Amino acid sequence: MAEIETKKIGETRKGDNLAFLEGEVVEVETPREWGDGKQLQQTMIGDKTGFAKFTLFDERVGMFEVGDTVRFTGCWIGEFKGQITVNLTKKKGSDVVVIKKGDGTSKLKYTPQSEVKGNNTSTFDPRLSARQTAVQVAGRIHQGTSVGIKELLEFAEDLEAWLMRP
C-alpha cells in the first residue's frame, strides 16, 4: 500500500488543490456571530514550515483546541491579507477531522496577532515563515506593487534570523 503524502503548510501556494494537509492547531479565537445569527471561529494551524488560517462555521465552531493535530481532506489554499488560508470545498469528501487530541498547548512557536509588538506600518506579518514572506515580496514585485527598501531590509534580517535558528 502506498504511503499517503501530505504537503507541508510552508510548501503550499495560493490556488493549490490538495488531497491532504495536516497541521497542529496553534490558536483558537473566541467564536463570534456573523450574518443572520450564524457563528464563526478563526483558528490558526501550523507545522514546522509555516502557518495557515482556517475558519470554522456554525456546527464546526468549537471542534478544535490548541494542540490538536488536524487533517484536511480535499481542501484548497487561498490567501487573505497576505495570510495563507485553508478552505474546504463543497465536493463530497472535503472535510477536516481531529486526528490527535492535544493537551491545550502547542509545540510550535507562534505569536498571535494581538501580541505582535512593534510598529504597525510593516506590511509583512512576522508570524509567517521566511518562505511565505519571500512569496509576498516576489508577488508584489511581480505585480508591480511598490516594495520599499525598509521592507526589503526587514525581510532580509528576518530571513537571516530564520535561517540561523536551531
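The values are calculated or read from the model by the stated rules, or taken from the named source; none is laboratory data. These numbers were taken from a predicted model, which means no experiment stands behind them. Note that each Cβ is placed from the backbone with ideal geometry, even for glycine, and that neighbours are counted across all protein chains shown.
Here are the numbers:
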{"read-out": "Members of region 43-60 that are buried (at least 16 other Cβ atoms within 10 Å of the Cβ) and in contact with a strand residue (DSSP E or B) (Cβ under 6 Å, 6 or more places away or on another chain)", "value": "THR43, MET44, ILE45, GLY46, ASP47, PHE51, ALA52, LYS53, PHE54, THR55, LEU56"}
{"read-out": "Among (1) on the phi > 0 side of the Ramachandran plot; (2) free of Cβ contacts under 8 Å to residues at least 24 places away in the same chain, the one test that LEU88 misses", "value": "(1)"}
{"read-out": "Strands (runs of 3 or more DSSP E) enclosed by region 24-122 - at least 1 residues per element that are touching a Phe, Trp or Tyr at 6+ places or on another chain (Cβ under 8 Å) and at pLDDT 90 or above", "value": "38-47, 50-57, 69-80, 83-88, 95-100"}
{"read-out": "Cβ-Cβ under 6 Å pairs, at least 6 apart or on other chains, region 56-68 side within 11 Å of VAL98 (Cα to Cα), far side among the hydroxyl-bearing types (Ser, Thr, Tyr) and loosely packed, with under 15 Cβ neighbours inside 10 Å", "value": "GLY67/THR105"}
